[in-house]
Amino acid sequence: YVPSVLPVIFNITAIAEGYYNTVSSKLNIRDTMTAYLRNSVSPYLIIDSAKSVIDSVTFTGVFNFNNTLSGSYYLEVKGKNTIETWSRNSLPVTAGITYNYDFTDSAGKAYGNNLMLKNGKYCIYSGDVNQEGSVDLTDLLQIYNEASNFISGYQVSDINGDRITDLTDLIITYN
C-alpha cells in the first residue's frame, strides 16, 4: 500500500534576464523552467521537482510537485541557460495547497539577492550555458564559438531567445 500524496502547487513568477524584452515588457519566447523543492537543512537534498512553461506575458508557470509532503523547503528555479536561483528563506508548505512565489518583484526574494533589475523587474541571471553554477569564460567561449558558426534554432547558447546565437547573446552573458 502506497499512500497518495496531494500535490503541492506553486505558481512561480520568474524572468530569465536574456529573454526579457524591455521594449515590449514581454519575454521573447515562452520557455520551460525547472523548479525544485529542497530540504531546509543541510545538505539541502532535492525532495521533488517540477517543470513548467513560463508565460511570455505574465512571467508565470504552474509547477505541480506530486511527491512532496508537508514541511519547510527552499524553492529553487533554473532555466536552460540561467543561474540556479533559490528562495531567500525556506517556505512552509502543506500538501494540497497552491502557493504563489514571485521572484520578479524584489531582489530580496532570492537567496543572496541574486537577481538583476531590468526595466522594473527582477530577473534571473542568464548565460550559464553549461549549467555548472556560474557564468564564466567557458560559457562565453561556447557562445562565441556557436556565434562564429552561425548556429540557429532552439539552442542553449541563444541567450535572448531570438533563435540565433550571435553577438547579442555574447554581450548579455558578458555583462
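Tally up the residues in region 28-44 that are open to solvent by 20 Å² or more (accessible area, probe 1.4 Å) and either free of Cβ contacts under 8 Å to residues at least 12 places away in the same chain or under 16 Å from the mean Cα position of the chain (by Cα) (or both), please.
Here the count works out to 10.
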- If we scan region 68-83, do we find a residue that is out of contact with any His (no Cβ under 8 Å at 6 or more places or on another chain), among the hydroxyl-bearing types (Ser, Thr, Tyr), closer than 22 Å to Gly18 by Cα and buried (at least 19 other Cβ atoms within 10 Å of the Cβ)? yes
- Item | Enumeration of residues in region 90-121 that are open to solvent by less than 60 Å² (accessible area, probe 1.4 Å) and outside any loop (DSSP other than H, G, I, E, B) | Leu91, Val93, Tyr99, Tyr101, Asp102, Ala107, Gly108, Lys109, Ala110, Met116, Lys118
- Message: I'd like to check something: does region 88-99 contain any residue that is more than 23 Å from Ser42 (Cβ to Cβ) and at pLDDT 95 or above?
- Response: yes
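The values are calculated or read from the model by the stated rules, or taken from the named source; none is laboratory data. Keep in mind it's a predicted model, so treat the numbers as computed, not measured. Virtual Cβ from ideal backbone geometry, glycine too; neighbours counted across all protein chains shown. These accessible areas exclude ligands, DNA and RNA; they are computed on the full protein's heavy atoms, side chains included. Shrake-Rupley method; radii C 1.70, N 1.55, O 1.52, S 1.80 Å.
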